[in-house]
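The values are calculated or read from the model by the stated rules, or taken from the named source; none is laboratory data. This one's a predicted model, so the numbers in the text were calculated from it and none came from an experiment. A quick note on method: Cβ atoms are made from the backbone with ideal geometry, for glycine too, and the neighbour counts reach across all protein chains shown. SASA here: full protein model, heavy atoms, side chains in, ligands and nucleic acids out. Shrake-Rupley method; radii C 1.70, N 1.55, O 1.52, S 1.80 Å.
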Amino acid sequence: MMKIPSKYNAAEVEEKWYKYWSDNKYFHSEPDRREPYTIVIPPPNVTGVLHMGHMLNNTIQDILIRRARMTGKNACWVPGTDHASIATEAKVVSKLESEGISKQSLTREEFLEHAWDWTHKHGGIILEQLKKLGASCDWDRTAFTMDEIRSKSVIKVFVDLYNKGYIYRGVRMVNWDPAAKTALSDEEVIYKEVNSKLYYINYKIEGEEGYVTIATTRPETILGDTALCVNPADKRFSSLKGKKVLVHLINRSIPIIEDDYVDMEFGTGCLKITPAHDINDYEIGMRHNLPVIDIFNDNGTLSDKAELFIGMDRFDVREKIVPELKMNGNLKKTEEYKNKVGFSERTDVAIEPKLSVQWFLKMEDLVKPALENVLNDNIRFYPSKFRNIYRHWMSNIKDWCISRQLWWGHQIPVYYLDDGTYFCAENAGQALEAAKKETGKDLTPEDLKQDEDVLDTWFSSWLWPISVFDGISNPDNKDIQYYYPTSDLVTAPDIIFFWVARMIISGYEYKNEYPFKNVYFTGMVRDNLRRKMSKSLGNSPDPLSLINKYGADGVRVGMLLCSPAGGDLLFDESLPQQGSGFATKIWNAFRLVKNWEVSDKTEQPEYSKLAIEWFDNKLDQVIEILDGQFNQFRISEALMTIYTTVRDEFSGWLLEIVKPPYKSPVDSKTYNDVTELFDKLLRLIHPFMPFITEEIWQLLKERHAGESIMISPLPKAGNYKMELLNAFENAKETVAGIRTVRKNSGIPNREMLSMKVQTGDKGYEPSLEAVLKKLGNLSRIEKTDKEEPGATSFRVKSTNFYISVNSAVNTGEEKKKLEEELKYSRGFLKSVMKKLNNEKFVANAPQSVVDKEKTKQADAEAKIRILEDRIASMK
């Protein structure tokens, strides 16, 4: 007999089996004749580290990929990382500054050398951490958004879209991040409600003694004002038509104009117009041919055009300019005001609307198939509520600003001559040939200069499901033909616009097909105060510490115990602790079975035969339920199904029934049957808990070299006998009744009892008497057609059970319990009759509902009669 450790050693087991899986290439996939099942990982930042959101997302992906692999599909989970332009460049700049080196002192090539060194040193750490979680990715296929294949794909797509007329260059008002010093797309701006102030400022009318009062939250932008504006329908300001006012502090003369845009009810009804620093002001300025004065530098300090406070930060200027306005008598009043301010999604700095020359991608036509195929369910969202969010955004989409003023990233493949003429090409050589052809001049490479900007990070990751299989540059290669479209995408809803929508757009543009069939949206991981977990709040535990403490399987189970699709996970350390406890439960069940002494000479008891038949049928029902839950992506529910099956049905009932009497052997038939059922159960658990299931599966019976649970077939649902399952539920209820009698009467389990049964229509299962005797420790079960005065009783469905416990039972206490039960039953009947006596309810409720209430009435009345008779017999 093998020596089974009393405690499960997660760390030792996890290292052993992950190496075994890797060494045997079980994660690797190549195209073959099987049905493919493909997932592409949402690529984390290349220099990032594992956080709780990654843990949840990748646990779900691994469950899906392991389950698909076990169903016989050719499962391929492609891992990779994202170059994360803004985040990575910020880290490199910070690192250089700590060494006394400024980015401005370096050439682009020198800076990129530092960036690549940083990436090689810190990149890929997160992928190694995912291995600790048990992620069964095809590591041979690991991709990086700036590796050669992906970079070539990005450049090729830019040139293609430019040639199709979708990409254009223009001066537009963009979201400017003064910290990262780059433009952002609308989706990279997070709006927060902040406590601001509304400043009421007087503007002196030129040539008169009067003033015009405006209200603004941004007095620092006064220096960029080029007009005041009123609504032409506002009679209060009709006398101001054609007049001018003076800008404070610099005495610039600006006109008072009229435009329907002005809200007469907001503030004073008069608006200051700063075209360079507000999108609405910019549009008004365009309509009225106003000059544009950009008073901000790229870093958010005031430029020379401001004339005052040059070089000071915009928010410091606000603090300086308000006292000056007050001192000059131009600040009329200040009010507290709540408004929404846009912040950079990456740097958390307030964005600045800024006019800038940028590259844009026209979206209006590109989105059409991507919107249509989500609304018609060709692509399914789980939960479906995200379809409406997606529809709203796609129906109101704006052109995508795809250029970023950074060095780390894919440099825009556009090349300029000194006169500003430019050529879009995949490389400098092609651009030179195009320039020579168009100009007719004998140009050299030195005559062309490549655009300094790089592309938005999302412009590479939107191609991810295609580019990981080199489907852009080599559209007919065997991998893209076999693995695309992918099967499922698991991601967080906060990147539905950044990534999910854009992948769908590129999928239809470049493959004329969806990139994935299903999208499963996880929730956000929050603490028990519902705050998003973050390092700054100090409320995010270290995932690797949790794995070290509770084991990878424990953490995986913990992450899913209360994580419905699209619903936030309120994380508490008790969850992985519960997951670890579940692993211990499985381990202890294994130890119990393997430590039985097995005899070939012992006959299989009837109770074991019945229990094994029942659990085999139960498992078929569980498999059917699991299949339905996975088909609907109810993965948290699927975990709870298998969790309760192990805890209650397998450990709580099957093993309790079949375990041999103390110091007696178990018969070999029962042992072999239980072992087979345990094997089946382990395979169902494996996608959720890969490590402990592999360990037990390998030890459960003799295995051959190269075998693994992860490539063994997932059990399929067979036909099951519902009448047997229902009968067993009655038997369970009967056993529970016997145990309650023992507990209330103080009768130890070792003392045998006898039981009489007064059978009704339902509740007693004579075919399962052997099970009742075993679990109830009953010497005999007799039928009776009358009540048993003085005996302790309980009821299952319409059947009464009587146990004679002699003097152990206090008749007075028993009568008191029966009277309490009678009181409850009468109250229950009263509530049922209240419904049935309500004519409106009976007339309007579905007949099935009314019939259900009538059944409750009949059951309650029958129970009341029995209780009344039993109480009467005790007098």
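With a 1.4 Å probe and all protein chains in place, put R634, R218 in order of accessible area, largest first. Show your work: numbers first, answer last.
Values: R634 95, R218 50 Å².
The residues order as R634, R218, largest area first.
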### Task
Step through the table entries K797/K856; K398/K449; K797/K852; K669/K716, compare each Cα-Cα distance with 19 Å, and write down the pairs that go over it.
K398/K449; K669/K716
## Note on the structure
If each part is reduced to its alpha-carbon centroid, segment 455-483 and segment 171-199 end up apart, in Å, by 32
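Want the number for A179 to K241: 0.36 nm per residue separation, take away the alpha-carbon distance, what's left?
18.2 nm
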### Summary
Pseudo-spin-label distance K7 to K436, built 7 Å along Cα→Cβ, given in nm, is 7.5
### Query
Which value, in Å² and to the nearest 10, is the accessible area of V349 when all protein chains are kept and the probe is 1.4 Å?
40
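If one computes P(r) from the Cα atoms of the chain, what percent of pairs lie at distances over 36 Å? List each step's numbers first, then the result.
On the way: 241152 of 382375 pairs.
Looking at the chain, the distances longer than 36 Å represent 63 percent of pairs.
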### Task
Please give the per residue volume of the convex hull enclosing the alpha carbon atoms of segment 420-539, rounded to a whole number of Å³.
174
### Task
Rounded to the nearest 0.05, what FRET efficiency do N588 and K840 give with R0 = 45 Å and r taken as the Cβ-Cβ distance? Could you check?
0.20
### Solvent-accessible ranking of V468, V49, largest area first, probe 1.4 Å
V49, V468
### Query
Angle, helix 148-163 long axis vs. longest principal axis of the chain, Cα atoms, 0 to 90°, nearest 10?
60
### segment 646-702: GluC sites (Glu not before Pro) in DSSP loop, at most 10 other beta carbons within 10 Å
E702
### Query
Can you pull the accessible area of L417 for me, 1.4 Å probe, Å² to the nearest 10?
20
### Query
If the cut-off is a Cα-Cα distance under 27 Å, which lysines reach K326, setting aside same-chain residues fewer than 8 apart in sequence?
K197, K204, K243, K244, K272, K305, K338, K340
### Message
If I take R0 = 30 Å and measure r between the Cβ atoms of K716 and A862 in this structure, what FRET efficiency does the formula 1/(1 + (r/R0)^6) give, to the nearest 0.05?
### Response
0.10
### Query
What is the gain in length, in nm to one decimal, between E35 and L570 on full extension, counting 0.36 nm per residue of separation less the C-alpha to C-alpha distance?
188.9 nm
### Task
Over the alpha-carbon set of segment 226-278, divide Rg by the Kirkwood Rh and report the Rg/Rh ratio to two decimals.
0.96
### Message
If I take the Cα coordinates of segment 354-506 and project them onto the principal axes, what are the three extents in Å, biggest first?
### Response
59, 45, 27
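May I ask you to derive the FRET efficiency for L308 and E452 from their Cβ-Cβ distance with R0 = 25 Å, giving the value to the nearest 0.05? Let's see the in-between values first.
On the way: r = 31 Å, r/R0 = 1.23.
It comes to 0.20.
Tell me the per residue accessible area of the chain using a 1.4 Å probe; a whole number in Å² is fine.
Details: 40470 Å² over 875 residues.
In whole numbers, the chain has 46 Å² accessible per residue.
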### Task
Any chance you could list P(r) for segment 27-92, counting all Cα-Cα pairs in 10 angstrom bins from zero, rounded to whole %?
19, 41, 25, 13, 2
### Message
Students sometimes get this wrong: rank K743, K756, K783 by accessible area, probe 1.4 Å, all chains present, largest first.
### Response
K743, K783, K756
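Helix-derived [θ] at 222 nm for the chain: sum -39500 (n - 2.57) over DSSP H runs of at least 4, divide by residue count, nearest 500?
Numbers: 28 runs with 362 residues, N = 875.
Taking each H run of at least 4 residues, the total per residue is -13000 deg cm²/dmol.
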#### Entry: segment 120-155 versus segment 576-654: alpha-carbon centroid distance in Å
38
### Where a label projected 7 Å from the Cα of K478 along Cα→Cβ would reach, residues of segment 57-76 with amide N under 19 Å
73-76
### Task
Please go through segment 251-344 and write out the chymotrypsin sites (Phe, Trp or Tyr not before Pro) that DSSP classes as loop and that have at most 16 other C-beta atoms within 10 Å.
Y261, F266
### Message
Return the equivalent ellipsoid semi-axes of segment 101-211 as a descending list in whole Å, where each equals the square root of 5 times an eigenvalue of the C-alpha gyration tensor.
### Response
45, 23, 19
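For the chain, which whole-number percentage of the solvent-accessible area (1.4 Å probe, protein heavy atoms only) is attributable to carbon and sulfur atoms?
Working: 19460 of 40470 Å².
That share works out to 48 percent.
What is the ratio of the Cα radius of gyration of segment 1-135 to 2.2 N^0.38 Å, with N the residue count, to two decimals?
Working: Rg = 20.0 Å, N = 135, 2.2 N^0.38 = 14.2 Å.
Relative to the rule-of-thumb radius for its length, segment 1-135 sits at 1.41.
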